[in-house]
Each structure stands twice: as structure tokens, then as C-alpha cells.
1. What's the number of the only condition in (1) closer than 29 Å to residue 46 by Cα; (2) surrounded by fewer than 16 Cβ atoms within 10 Å (Cβ to Cβ); (3) touching a residue at least 60 places away in the same chain (Cβ under 8 Å) that residue 94 fails to meet?
2. In segment 336-350, which residues are part of a helix (DSSP H, G or I), within 16 Å of the ligand (Cβ to nearest atom) and closer than 15 Å to residue 366 by Cβ?
3. Considering (1) in a strand (DSSP E or B); (2) within 22 Å of residue 193 (Cα to Cα), say which one residue 271 fails and leave the rest.
4. Tell me, which residue of segment 65-87 that is part of a helix (DSSP H, G or I) and in contact with a strand residue (DSSP E or B) (Cβ under 9 Å, 6 or more places away or on another chain) is surrounded by the fewest Cβ atoms within 10 Å (Cβ to Cβ)?
5. Quick check on this structure: which one of 185, 192 is more than 10 Å from the ligand (Cβ to nearest atom) and closer than 28 Å to residue 93 by Cα?
6. For residue 275, state whether it is within 7 Å of the ligand (Cβ to nearest atom), modelled with pLDDT of 95 or more and more than 24 Å from residue 39 (Cα to Cα).
7. Somewhere in segment 10-26, is a residue assigned to a helix (DSSP H, G or I) and within 30 Å of residue 136 (Cβ to Cβ)?
Ligand code: NAP
């Protein structure tokens with residue numbers, strides 16, 4: 001990194017990937033009112049650069065451009081759209097290192113995790129490009145022999161997407177790729193903390209030959225851009241990933257124009273270790289599922305539920321693995337835990353920890369902010385956690401592992417399901433009967449058994465209850481961007 005005009009620029013192989021204006025109708029457009037958004041590196045507090053803040057009027061322009069662009073885009077042969085998505089995928093892989101550097105600079109996750117996320121995001125683009133060719137309809141037996149019932153699947157229309165900062169690349173890829181694959185155009189608002197990853201993806205989409213107006217990306221004031229996206233009747237679908245609070249607000253805003261919505265919201269994942277589990281495997285799974293992205297993923301283990309008989313063994317091994325984590329700026333080698341996204345995140349996590357400690361939780365290691373800087377938090381393990389404590393009830397979004405004891409399978413299931421969330425759950429066992437019983441009893445959209453990493457482009461990702469609606473990835477991931485049209489053909493005997 002080098003100093004330029006008071007900003008700490010990121011050193012890239014291809015500096016033209018660092019875009020700071022909005023992408024509207026294939027052009028890079030500055031803010032119409034001159035407003036700028038500083039993008040900070042959470043590890044150092046440095047301002048990396050400033051990005052144009054788009055207005056509601058510019059959002060409207062982007063939506064209108066998307067509607068025009070979609071007219072041609074949806075009529076292209078599926079194979080042509082597939083080839084363009086493949087070209088986008090290939091460019092993302094070619095520029096993986098630069099995209100990872102941009103991500104680590106604005107988001108803070110260790111470089112190795114950023115590289116992994118770029119590959120993960122690109123995989124959705126490849127996958128949905130392939131799926132573009134498989135949007136099959138149906139012919140259904142008709143009520144009489146002179147009729148035929150045909151179902152065709154058509155793109156829902158212009159899509160608006162609002163995405164979070166914790167996966168600045170992949171959350172965009174897994175919305176834009178299925179939308180484009182089926183013939184929709186899209187207007188994207190990335191999180192204010194991480195617009196640079198989104199804009200770099202936009203630049204690569206243009207280079208791949210995706211026509212102007214098919215992808216539009218605007219950063220800026222969320223309620224202004226979101227207000228236009230949700231009230232504009234050209235937009236027929238809103239896809240959102242973020243907190244449950246904002247998801248509910250956007251769902252209500254979409255009601256007046258009856259938009260289709262997909263909501264990927266918060267989680268409160270249980271991680272259950274039964275008495276017959278392979279404890280070393282469970283500790284490895286807990287480490288990755290708890291501490292990935294410094295605990296800032298919607299599928300991070302939020303509550304670790306341990307059977308009485310293995311509690312002490314798990315605790316000893318988990319504490320020793322946690323103490324071995326290396327904390328620091330994610331650009332440095334061998335860092336396993338980077339900063340949290342901002343100082344407010346540190347305050348929020350600490351409040352959950354301190355209020356749980358006041359209610360009787362015991363700190364085994366960590367327990368407060370880290371001296372490395374204002375955005376760092378110590379990996380923390382809490383024991384004697386119970387159902388009524390804030391760390392049990394809330395999504396923590398930080399490197400804090402609350403441990404809870406149980407003594408029977410039914411108690412574990414009851415603890416696991418005792419939340420309004422229902423995104424991901426994990427459990428470790430070697431009993432095949434228990435595998436089926438517990439999988440079916442958990443009120444979650446995703447269940448990982450003897451695994452701490454569950455997400456990939458081939459599988460349907462999404463939650464139940466207040467974790468949202470819709471599925472991303474897999475063959476089901478296109479359904480949220482399609483309408484089914486029923487065509488009845490009559491008079492065929494005449
Ligand atoms: P957030 O505060 O809900 O923000 C998410 C996005 O919504 C950002 O782009 C934000 O913009 C925007 N936003 C905020 N207020 C808005 C409004 N009034 N109108 C329109 N847009 C608005 O969530 P976050 O803190 O960034 O992300 C963390 C949350 O996302 C966690 O709860 C996590 O579990 C969830 N998440 C879920 C999944 C999943 O697949 N289920 C995946 C990843 C994350 P600004 O940044 O400009 O405020």
C-alpha cells in the first residue's frame with residue numbers, strides 16, 4: 001500500500017479495478033450531488049478511498065436503464081447468456097488476487113479467506129451460467145383431449161439487490177448470477193463499508209461483454225436508494241441479504257407494489273456435540289464455523305451445545321485451539337482472525353459479552369476488545385451460558401463462543417430450536433439413527449453433520465422462521481427469479 005493524497009491506496013496488479021463511481025447503464029457515473037462515501041480499512045482505520053454516493057434519482061435512472069437493457073437480454077439465446085457469465089467467471093478467477101486484496105482492505109478478513117470468497121463467489125457465476133440452459137417448462141395432462149396445458153418459465157423482471165459487508169463479493173454473485181442467467185437485469189446496492197469489491201465485479205462484468213444496463217451498481221445512503229428500489233414499480237423483485245430488522249422493513253416497503261422478495265437474514269446457529277462424536281473433528285469444525293471471518297457470518301456457530309460426558313474434553317481442546325489463533329491485519333501472513341467491521345461492531349459484541357457475564361456466564365479466555373486496535377476483539381469463550389442470556393438469544397457476529405451443557409438428545413434439540421432464527425445448525429455424532437432424527441427435528445434451513453463448512457454453489461442456501469425466505473445456489477436458486485406462465489391451448493380437435 002502507498003500514500004496518495006492522504007489516502008492509503010491498495011497496490012494492485014490492475015489498478016483500473018479500483019472504481020469509485022456508480023455503474024449505471026454501462027457508464028461510470030459520479031454522484032449528481034457530489035456526495036462521497038469514505039471507505040475505511042478496519043484493521044488500520046485508514047481511508048482507502050472515497051466512493052460516489054448515488055441519489056434516489058440516479059437509482060431511478062439505473063432502474064430505467066435496467067428495464068431497457070432487459071428487453072434484449074431476455075431474448076438472447078440461453079447459451080449466449082451462459083457464455084457471457086462464463087467469461088465473467090473466468091475474469092474473476094484471473095483477477096482473484098486483486099479482488100482478494102480489495103476485499104481484505106475494506107472488509108478486514110484475512111487474505112486467504114478473501115481469496116476463498118472470490119473463488120466461492122465466482123463459482124456461483126459459473127454454476128448459474130450452466131443452469132441458464134436448463135430453465136425447462138412443463139406440459140401437463142389437460143382436462144380434455146382437445147386441450148394442452150403448457151407451463152413456461154419467464155424472467156421475473158428488473159431485480160433490485162441489497163447486500164451486506166460480511167461477504168462483499170459472494171453475496172452479490174449469488175444474486176446477480178441467477179438473475180442474469182434467466183434473463184433479468186439487476187440494480188445492486190452494496191453495503192456502505194464494502195462498495196469497492198462490488199464495483200470491481202461490475203468492471204469485470206463489463207469486460208466480460210455483459211451488455212450495458214444489465215448490471216448496475218450504486219453505493220450510497222441505504223434508505224434513499226432502498227426507498228427508490230422498493231417503491232419503483234419497474235422493479236419486480238427485491239433480493240436482500242442482511243439483518244432481520246432491515247429485512248422486515250424492506251419486506252413491508254415492497255408490499256405496496258407486490259414485489260417478489262427473497263430474504264437471507266440473520267442466524268443463531270447451534271453447534272451440538274453429542275457424547276458419541278469424534279471430539280477432535282468437532283473441535284476443528286467448531287473452530288472454522290465459529291471464527292471464520294472473525295465470527296461475522298450468518299452461519300457462524302452462535303451457541304456451542306455440549307453433552308455432559310464430553311464437555312471437559314471438548315473445552316480443553318477448544319480453549320487450546322482458540323488460544324493458538326493469530327490475530328492481526330489480514331494482509332499479513334498467517335493471520336487467522338482479522339478485525340471486526342467497525343468500532344460499533346466491537347461495542348455491540350462487548351455489550352453481549354458483558355451483559356451475559358453479569359447474568360452468570362464465566363469467561364474462560366478473551367472477554368473484551370483486543371489491544372491491537374479499535375476494531376479488534378479477543379477470541380472469547382464463555383461457559384455456564386443459559387437460555388436467558390443475551391449471547392444465547394442474539395446473533396453475536398463476533399469471535400465469541402458461548403458453551404452450554406445438555407444431558408439428553410431431546411434437551412439438545414429443544415435448546416437448539418429455542419430461537420426465532422432458523423438458518424444453519426450443526427451437529428457431531430457417529431450414530432446413523434441420531435443423524436436422521438436430529439436432522440429432521442432441527443427447525444433450520446441448513447444442517448451440517450460432522451462438518452463446520454456447509455456452503456457451496458451446488459446446495460440450496462437459505463433459512464426458515466425469521467432467518468428469511470427463498471434459496472440461493474443449487475438448481476433451486478433460479479426459481480426466485482422466474483415466473484411460471486400457464487398457457488392453455490384449446491380447440492386442438494377442430
Ligand atoms: P444490515 O445492516 O441489514 O445491512 C445490509 C444491507 O442493507 C446493507 O447494504 C445496508 O446498507 C442495507 N440497509 C440498511 N438499512 C437499510 C434501509 N433502511 N433500506 C435499505 N437498505 C438498507 O446488515 P449488515 O450488518 O450489513 O449484515 C449483517 C447481517 O446480514 C447479519 O444479520 C447476517 O446474519 C446477515 N447475513 C445473512 C446471510 C444469509 O445468507 N442469510 C448472509 C450474510 C449476512 P448500508 O451498508 O449502506 O447501511
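1. (3)
2. 346, 349, listed by residue number.
3. (2)
4. Only one residue tops the list, namely 67.
5. 185
6. No.
7. Within segment 10-26, not a single residue is assigned to a helix (DSSP H, G or I) and within 30 Å of residue 136 (Cβ to Cβ).
Rundown of residues vs (1) part of a loop (DSSP other than H, G, I, E, B); (2) surrounded by fewer than 19 Cβ atoms within 10 Å (Cβ to Cβ); (3) at pLDDT below 95, yes/no style:
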position: 433; (1), (2), (3): no, yes, no
position: 448; (1), (2), (3): no, no, no
position: 458; (1), (2), (3): yes, yes, no
position: 483; (1), (2), (3): no, yes, no
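The values are calculated or read from the model by the stated rules, or taken from the named source; none is laboratory data. Given the structure is predicted, the values throughout are model-derived calculations rather than measurements. Positions of Cβ are generated from backbone atoms using ideal geometry, with glycine treated the same way; all protein chains shown enter the neighbour counts.
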